[in-house]
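What follows is a single structure, written as structure tokens, with notes after it.
Only the coordinates and a few stated rules stand behind these numbers; no lab work does. This is a predicted model, so every value here is computed, not measured. Quick reminder, even Gly has a Cβ in these numbers, built from the backbone with ideal geometry, and neighbours come from all protein chains shown.
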Amino acid sequence: MKPDLLAALRLTGAAVTSGVHLAPLSRWKIGGRAAALVEPDTPEQAAAVLRVMANRTEPLFVMGDASNVLFDSAGFAGVVLRISRRMSALRISGSRVWAEAGIWMPQLARRAGSAGLRGLEHTIGIPGTLGGLILMNGGSLRKGIGLNVLAVHCAGADGECFTLDQAACGFDYRTSALQRMRAVVLAADLELEPEDSAAIRRDMLAIMRERRAKFPQSLANCGSTFLSTSQMHATIGPPGRAIQDAGLKGIRRNGAQISPMHGNFLVNTGGATSDDILWLIALIRQTVKARTGFLMDCEVRHLAPDGRLRPAQFAADERWGDARLAELADAAVGT
């Protein structure tokens with residue numbers, strides 16, 4: 001990383017570290033080194049970092065908790081702007097909540113619930129930040145956080161700040177217009193429903209019990225790997241069921257494995273690389289398509305060393321798209 005860029009980034013007031021390993025920052029515990037990591041303490045610092053990078057040729061990647069990202073094991077030759085717990089201020093007034101983008105969603109859900117506000121219970125088990133969840137309209141139980149968004153405070157790639165209301169955010173199933181705008185979420189206003197805090201807590205505990213019973217907790221993973229569609233769900237069920245019915249649960253490549261607990265979770269049992277995960281994605285996509293006719297797309301995105309950020313199926317297809325299903329299946333290792 002060029003010294004003049006590091007110096008300019010440090011002038012923003014954000015914490016700057018060069019040559020950072022990405023694996024410890026990854027929910028999959030996978031990834032090589034990034035040229036630099038920048039962690040702002042305020043929305044103003046985050047916007048200042050964006051203004052610095054707007055005039056540079058080095059690639060920039062903005063992340064929260066990386067709960068939906070596969071870092072490449074070859075690393076990333078650019079700057080990572082991490083909206084972390086350093087930006088997690090929270091204010092609650094009546095039924096409205098204002099929070100910075102780096103707040104951890106389970107913490108936000110608990111704080112809102114303790115204040116007697118309903119609407120975020122479905123996020124209690126999601127290991128991500130508010131900003132990341134808003135960008136992808138994340139949630140669980142087929143709900144999305146966009147339902148409770150009043151306004152999102154953002155910065156563009158040029159560092160200029162702006163605010164969008166709910167309609168302008170274009171929320172849809174696991175996506176939003178914010179992604180297409182390449183907006184960086186800095187904070188958001190949410191509208192919730194008043195209700196008894198004890199009832200909200202009971203619902204959250206029930207959701208957590210169900211998640212612990214269904215999803216792998218002890219091994220590194222990024223949550224759901226594949227997207228569901230209404231047509232697929234109505235025809236053959238969600239991705240996890242399609243993967244299970246294809247007999248793929250437990251299949252592994254080196255340290256990466258299709259979880260025996262839930263087929264839509266790919267876990268790192270130790271030493272997995274990005275190629276191992278992408279190979280399993282290729283195997284799953286081709287096998288399920290051969291059985292059902294549905295070609296599943298990924299919820300998870302792959303960050304290439306040159307800064308390309310794409311749904312992971314594109315990187316998987318580049319590596320193994322020409323491989324025949326029989327060749328992939330022959331190389332698979334079961335539990």
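Just subtract the alpha-carbon distance of residue 208 and residue 42 from 0.36 nm times their residue separation and send over the number in nm, one decimal.
Numbers: separation 166, 0.36 × 166 = 59.76 nm, distance 3.13 nm.
My answer for the length gained is 56.6 nm.
What's the FRET efficiency of residue 236 with residue 142 using the Cβ-Cβ distance as r and R₀ = 22 Å, to the nearest 0.05?
On the way: r = 16 Å, r/R0 = 0.75.
For residue 236 and residue 142, the calculated efficiency is 0.85.
Picking from 76, 250, 320, whose Cα lies most toward the positive end of the charge dipole for the chain (charges on Cβ: Lys, Arg +1; Asp, Glu -1)?
250
Taking amide H positions as placed 1.01 Å from N in the peptide plane, with prolines and chain starts having none, which residues 5 or more places from residue 101, or on another chain, fall under 5 Å of its amide H?
Here the answer is 187, since their amide H atoms fall under 5 Å of that of residue 101.
Using the Kirkwood radius over Cα pairs, work out the Stokes-Einstein diffusion coefficient for segment 216-331 at 4 °C and 1.567 mPa s, in µm²/s as a whole number.
Numbers: Rh = 14.1 Å.
Estimated diffusion coefficient is 92 µm²/s.
Output the peptides 80-88, 187-195 sorted from most to least packed, where packing is the average of other Cβ atoms within 10 Å over each peptide's residues.
For the peptides 80-88, 187-195, the packing ranking is 80-88, 187-195.
What does the highest-first list of 56-69, 5-18 look like by mean Cβ count within 10 Å?
Working: 56-69: 20.6, 5-18: 16.9.
Ranked by mean Cβ neighbours within 10 Å, highest first: 56-69, 5-18.
Let me have the 222 nm mean residue ellipticity of the chain computed from DSSP H runs of 4+ only, each contributing -39500 (n - 2.57), with the sum over all residues rounded to the nearest 500.
On the way: 12 runs with 111 residues, N = 335.
Counting only the DSSP helices, I get -9500 deg cm²/dmol.
For a test of the definition: using alpha carbon positions, the gyration tensor, and the 1.5 limit on a/c, classify the chain as rounded, prolate or oblate. Don't skip to the answer; put the middle values down first.
Details: a/c = 1.90, a/b = 1.17, b/c = 1.62.
The shape class here is oblate.
Looking only at 290, 157, 112, which one moves most when the chain is put into a Gaussian network model with springs between Cα atoms under 10 Å?
Of 290, 157, 112, the most mobile in the Gaussian network model is 290.
Given springs between every Cα pair under 10 Å in a Gaussian network model of the chain, which of 33, 253, 111 has the largest fluctuation?
Checking each option, the largest mean-square fluctuation is seen for 111.
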